[in-house]
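Worksheet: the structure to be examined is printed underneath.
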2 protein chains.
Amino acid sequence: MSTSKPQLRADAARNRQRTLEATRVLLADPGAVITVEAIARQAEVSAATVVRTFGGKEALIDAAASGLLAPLVRRARDLLSGMPPEEALRAFLGEMLVFQAAHHTMNTQIEALSLPATEAEEAALKQVVLDMVVRARDAGAIRTDLDPVVTMTLIGECTYAIARSRAHAPGLAADYLTVLMDGLRPRTPTAR
Amino acid sequence: MSTSKPQLRADAARNRQRTLEATRVLLADPGAVITVEAIARQAEVSAATVVRTFGGKEALIDAAASGLLAPLVRRARDLLSGMPPEEALRAFLGEMLVFQAAHHTMNTQIEALSLPATEAEEAALKQVVLDMVVRARDAGAIRTDLDPVVTMTLIGECTYAIARSRAHAPGLAADYLTVLMDGLRPRTPTAR
């Protein structure tokens, strides 16, 4: 009896991990409809276990989706603290394109759900891109004639659009970053 | 009796016009589900008239959607024949943003349908933007280090993304065009 409790805790932790991992796999699958049954099948656990482990489908998807975004937020902050802000912006957008291309239907899959942890990570992601923009402006590395929030929004919208259409045109992602970063450069009299 | 045939033809032409116009209104309405019944209600004709006039819902939507795109194609060609290609490109994208913002759910509404006339207009639209890009390159007005088809694709994807999100950030459309056109400029040694 004294050994059953740690064993139960180990089982619960393993089921939690498998369920989370299964949900992340489904979030990267454009054809997946994310139901408790689909998660249970993918995780090879029972539907009851899926519900019990996280207390419901939304809480589970929130944990999985926010768990996918959290490393991106940390990565963006690390880049920003380790190199000039405009280089951090370019490097991060390149990585963001790869992530979004691999998860290009995730937004549609989760749009109707209430996911507070995921929304918090999305807000943190916008904030760190805004920080990159503001610091690059302050450093004189990008143009100062555009509103930083508008710049952050247009970067986000265009990056997402290019990520979703990457497969259609090889070279699109790299050329997009080139045009975007050149378009964001400070205006010089000779370039005008 | 001798007057009934012109009358019938006039009725048919009027019904055709009302049905087309109703379909165009629904294509600009994000909340609309485009059914024969919805078109009939909007046009104030019977569902049987809607079907009879165009021989089916897809043929009707194809006529309405291609009829919306055809003036854009003509406009793009007119701009290109009347001014330098990079100015034509910027002017046309500005007008395209307005059109797409007003019809930002049209793609979703029609994506599952087979619409040959609409697809032909979409192809013509891509071709004229490609012509603008190629002629602006030849004129030395935009950079030559990017593949023209990739450039056309990234312009199209980003313009569509910005058009759909216009409402969220005032100034986004104008700033987008500024960043895009500056990003497309020929590279000069001083700008590098």
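The values are calculated or read from the model by the stated rules, or taken from the named source; none is laboratory data. Source: prediction; values computed, not measured. Virtual Cβ from ideal backbone geometry, glycine too; neighbours counted across all protein chains shown.
Observations
- If you check B:Glu87, B:Glu37, B:Glu44, B:Glu95 for being under 11 Å from the mean Cα position of the chain (by Cα) and without any contact (Cβ under 8 Å) to a residue 40 or more places away in the chain, only one passes: B:Glu95.
- Selection status of B:Ala124, surrounded by 15 or more Cβ atoms within 10 Å (Cβ to Cβ) and in contact with a helix residue (DSSP H, G or I) (Cβ under 7 Å, 6 or more places away or on another chain): yes
- Residue in the range A:131-151 that is within 14 Å of chain B (Cβ to nearest Cβ), closer than 24 Å to A:Ala65 by Cβ and not β-branched (Val, Ile, Thr) present: no
- Within the range A:130-145, tally of residues that are surrounded by fewer than 22 Cβ atoms within 10 Å (Cβ to Cβ) and part of a loop (DSSP other than H, G, I, E, B): 6
To keep it simple, each residue is scored yes or no on (1) closer than 19 Å to A:Val150 by Cα; (2) in contact with a helix residue (DSSP H, G or I) (Cβ under 6 Å, 6 or more places away or on another chain).
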{"position": "B:Ala88", "(1), (2)": "no, yes"}
{"position": "B:Leu93", "(1), (2)": "yes, yes"}
{"position": "B:Asp131", "(1), (2)": "no, no"}
{"position": "B:Ile162", "(1), (2)": "yes, yes"}
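- On the stretch given as the range B:101-129, residues that are in contact with a Lys or Arg (Cβ under 7 Å, 6 or more places away or on another chain) and either in a helix (DSSP H, G or I) or not assigned by TED's automatic domain parsing to the domain that holds B:Thr159 (or both) total 2.
- Only one of A:Met96, A:Met83 that is within 30 Å of A:Ile155 (Cβ to Cβ) and buried (at least 16 other Cβ atoms within 10 Å of the Cβ): A:Met96
- Selection within the range B:152-183 - surrounded by 20 or more Cβ atoms within 10 Å (Cβ to Cβ), closer than 19 Å to A:Leu184 by Cβ, more than 7 Å from chain A (Cβ to nearest Cβ) and small (Gly, Ala, Ser): B:Ala173
- Test: residue in the range A:68-80 that is over 14 Å from the mean Cα position of the chain (by Cα), surrounded by 20 or more Cβ atoms within 10 Å (Cβ to Cβ) and assigned to a helix (DSSP H, G or I): yes
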